[in-house]
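Structure record follows, encoded as structure tokens.
The values are calculated or read from the model by the stated rules, or taken from the named source; none is laboratory data. These numbers come from a predicted model, not from an experiment. Using ideal geometry, Cβ is built from the backbone for each residue, glycine included, and neighbour counts are taken over all protein chains shown.
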Amino acid sequence: MSPIRIEIAREPASEGLPLPSYATPGAAGLDLCAAIPEGEEVVLEPGCRALVTTGLCIAVPLGYEAQIRGRSGLAIKHGIGLVNAPGTVDSDYRGVVQVILINWGDSPFTIRRGDRIAQMVICPVASAILIESEELSGTERGEGGFGSTGVRKPTTS
């Protein structure tokens with residue numbers, strides 16, 4: 001699969017920060033950095049959330065979205081995640097990419113300029129045509145939801 005081209009523009013807040021990049025050749029997500037003003041910090045108290053800017057605008061091509069996802073290291077080490085994970089940057093949005101972080105941990109977490117706060121995954125999306133119907137086609141599962149398939153696979157004897 002060949003890479004797609006995405007235009008990116010900096011707001012003044014992101015000057016001097018690295019552009020999003022893949023940490024390793026096999027990484028799915030581009031790391032996003034906090035564009036907090038130099039010398040300032042955001043202290044995220046337990047149970048609180050904050051909107052943190054990347055200072056970047058992107059032009060996602062039609063037929064794609066940019067999914068903003070949490071970073072697993074921040075989640076396991078500090079309890080930091082995204083409120084609306086994954087967040088979506090639509091192909092027609094041209095504003096600044098911002099990240100809604102939440103502290104699910106039990107200690108305050110400090111975010112400083114240049115900290116890697118999230119990752120961005122570029123994904124294809126399909127447009128749907130909804131067709132109203134009196135009755136839906138059946139499946140083995142049917143209307144079962146919220147745990148209806150159980151926690152463990154049934155054992156065969």
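Regarding Gly95, is this residue exposed (fewer than 10 other Cβ atoms within 10 Å of the Cβ), within 21 Å of Cys33 (Cα to Cα) and modelled with pLDDT of 95 or more?
Criteria met by Gly95.
The conditions are (1) surrounded by 19 or more Cβ atoms within 10 Å (Cβ to Cβ); (2) within 22 Å of Arg10 (Cβ to Cβ), and Arg112 fails exactly one of them. Which is it?
(1)
Has the stretch 62-71 got at least one residue that is within 22 Å of Ser14 (Cβ to Cβ) and β-branched (Val, Ile, Thr)?
Checking the stretch 62-71: at least one residue is within 22 Å of Ser14 (Cβ to Cβ) and β-branched (Val, Ile, Thr).
In the stretch 6-39, how many are closer than 16 Å to Leu56 by Cα and of a type in the set (S, T, N, Q)?
2
With the stretch 1-58 as the region, which strands (runs of 3 or more DSSP E) entirely inside it contain at least 2 residues that are in contact (Cβ under 8 Å) with a residue 24 or more places away in the chain and over 14 Å from Val99 (Cα atoms)?
Output list reads 7-10, 41-44.
Working only within the stretch 74-107, note down all residues that are in contact (Cβ under 8 Å) with a residue 40 or more places away in the chain and among the aliphatic types (A, V, I, L, M).
Those that are in contact (Cβ under 8 Å) with a residue 40 or more places away in the chain and among the aliphatic types (A, V, I, L, M): Leu74, Val96, Val97, Val99, Ile100, Leu101, Ile102.
If I filter the stretch 18-27 for residues that are of a type outside the set (Phe, Trp, Tyr) and crowded, with 18+ Cβ neighbours inside 10 Å, do I get at least one hit?
yes
Conditions: (1) part of a strand (DSSP E or B); (2) in contact with a helix residue (DSSP H, G or I) (Cβ under 7 Å, 6 or more places away or on another chain). Gly105 meets all but one. Number of the miss?
Just one mismatch for Gly105, condition (1).
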